[in-house]
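Novice: My questions will all concern the structure given below.
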Amino acid sequence: MSQVTFGDRLAAEFAAGRHLCAGIDPHAGLLADWGLANDAASAERMGRDVVAAAAGVAACVKPQIAFFERFGSAGFVALERVYADAREAGVLIVTDAKRGDIGSTFAAYADTWLAEGSPLESDALTVSPYLGFGALSGAFDYVNSHGKGLFVLAATSNPEARELQTAKQADGRTLANVMIDEAIAHGAPADTAVNSVGVVLGATLTLADFGIDIHAERDGAALPVLAPGFGHQGGRIEDAGQIFGNLGKALLANESRSILVGGSATLATRVRDRADAIAQALA
């Protein structure tokens, strides 16, 4: 029996009409909005509540680990409990860690976040390729042999990144475009519907400014796009077709603050409403 890939699991979510990536960002302001203290126990409470609201509704959850690790060991214990809930509920976990390093160091990051049995095991990991795409090789075995996924930063909304991401190689491609091409090349066997390696593209960007042709036809499996910027940051899901074009065939629309503001009492309603709106816009 062939292995179920991360791309296969994403394809199942998309087939069910689920495209929301529910962010878990327990920063101090949001915890205060929930009436909670700025501590690890409160971060755990928020994370576990988001998982419960997302189960069967969102395609995945995306914990931003910086908001947990700031509490030290207690934060990691809290994160482990959030992950345990997600695994029990069958909710895909995309760890937002943006790891990037070389050699054994990156391999250790991959072991932490992708290894079966790790208390922090997730289904996919966001990674930074700007030390060179080959520096991510320590995670490729998890993609190819263990059904895990990666989301590679390609074009991001922070202005200080633009100069780097729009720099051109000798062949004329921007670095952002190179990351897209590399993700496609490393993602999955040709007979899968959705790649297991995707890219992060900001929903508030004009991708042509990064040398990315959104209308280009690309053969093979659909490239998953993790798109932050919808909701609070101003991106409109109704504009997804104009923003991403052919790159939006396997879109995960990330929303964090727009579903988290307002406290826990109405969280489930907000998650369901945003999931429904995203599904309708992408149908």
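Novice: Consider the stretch 24-67. How many of its residues are in a helix (DSSP H, G or I) and out of contact with any Pro (no Cβ under 7 Å at 6 or more places or on another chain)? Talk me through it step by step, then tell me what you get.
Specialist: Step one: of the stretch 24-67, the residues in a helix (DSSP H, G or I) are 28-33, 40-54, 66-67.
So of that shortlist, the ones also out of contact with any Pro (no Cβ under 7 Å at 6 or more places or on another chain) come out as 28-33, 40-41, 44-45, 48-54, 66.
Of the residues in the stretch 24-67, 18 are in a helix (DSSP H, G or I) and out of contact with any Pro (no Cβ under 7 Å at 6 or more places or on another chain).
Novice: Shifting gears a bit: If Gly187 meets every condition in (1) over 10 Å from Ala154 (Cα atoms); (2) of a type outside the set (A, V, I, L, M, F, W, C); (3) more than 17 Å from the chain's Cα centre (by Cα) apart from one, which number is that one?
Specialist: With (1) over 10 Å from Ala154 (Cα atoms); (2) of a type outside the set (A, V, I, L, M, F, W, C); (3) more than 17 Å from the chain's Cα centre (by Cα) applied to Gly187, the lone miss is (3).
One line per residue, one yes/no per condition, for (1) touching a helix residue (DSSP H, G or I) at 6+ places or on another chain (Cβ under 7 Å); (2) closer than 20 Å to Leu252 by Cα:
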| position | (1), (2) |
| --- | --- |
| Ala124 | yes, yes |
| Val127 | yes, yes |
| Glu160 | no, no |
| Ala167 | yes, no |
| His186 | yes, yes |
| Leu201 | yes, yes |
| Ile212 | yes, yes |
| Pro224 | yes, yes |
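Novice: Of the residues in the stretch 99-112, how many are closer than 23 Å to Pro228 by Cβ and touching a helix residue (DSSP H, G or I) at 6+ places or on another chain (Cβ under 9 Å)? Walk me through it before giving the result.
Specialist: Narrowing the stretch 99-112 to residues closer than 23 Å to Pro228 by Cβ: 99-101, 106, 109-110, 112.
Then drop every residue that is not touching a helix residue (DSSP H, G or I) at 6+ places or on another chain (Cβ under 9 Å), which leaves 99-101, 106, 109-110.
Of the residues in that region, 6 qualify.
Novice: Would you list the strands (runs of 3 or more DSSP E) that sit entirely within the stretch 111-215 and hold 1 or more residues that are without any contact (Cβ under 8 Å) to a residue 40 or more places away in the chain?
Specialist: Values: elements: 124-127, 149-155, 197-201.
Fully inside the stretch 111-215 and qualifying: 124-127.
Novice: Next question, about the same structure. I'd like the residue in the stretch 24-37 that is without any contact (Cβ under 8 Å) to a residue 40 or more places away in the chain and surrounded by 16 or more Cβ atoms within 10 Å (Cβ to Cβ) and, out of all such residues, is farthest from Val94 (Cα to Cα). Reasoning before the result, please.
Specialist: Here is the first cut: in the stretch 24-37, the ones without any contact (Cβ under 8 Å) to a residue 40 or more places away in the chain are 28-29, 31-32, 36-37.
Remaining after also requiring surrounded by 16 or more Cβ atoms within 10 Å (Cβ to Cβ): 31, 36.
Values: Leu31: 21, Leu36: 25 Å.
The qualifying residue farthest from Val94 (Cα to Cα) is Leu36.
Novice: Search the stretch 42-61 for residues that are more than 13 Å from Arg270 (Cα to Cα) and pair each with any residue that is at pLDDT below 95 and not in a helix (DSSP H, G or I) when their beta-carbon atoms are under 9 Å apart and the residues are at least 6 apart or on different chains.
Specialist: Arg45/Ser264; Met46/Ser264
The values are calculated or read from the model by the stated rules, or taken from the named source; none is laboratory data. Computed from a prediction, not measured in an experiment: that's the story for all the values here. Positions of Cβ are backbone-derived with ideal geometry, glycine not excepted, and every protein chain shown enters the neighbour counts.
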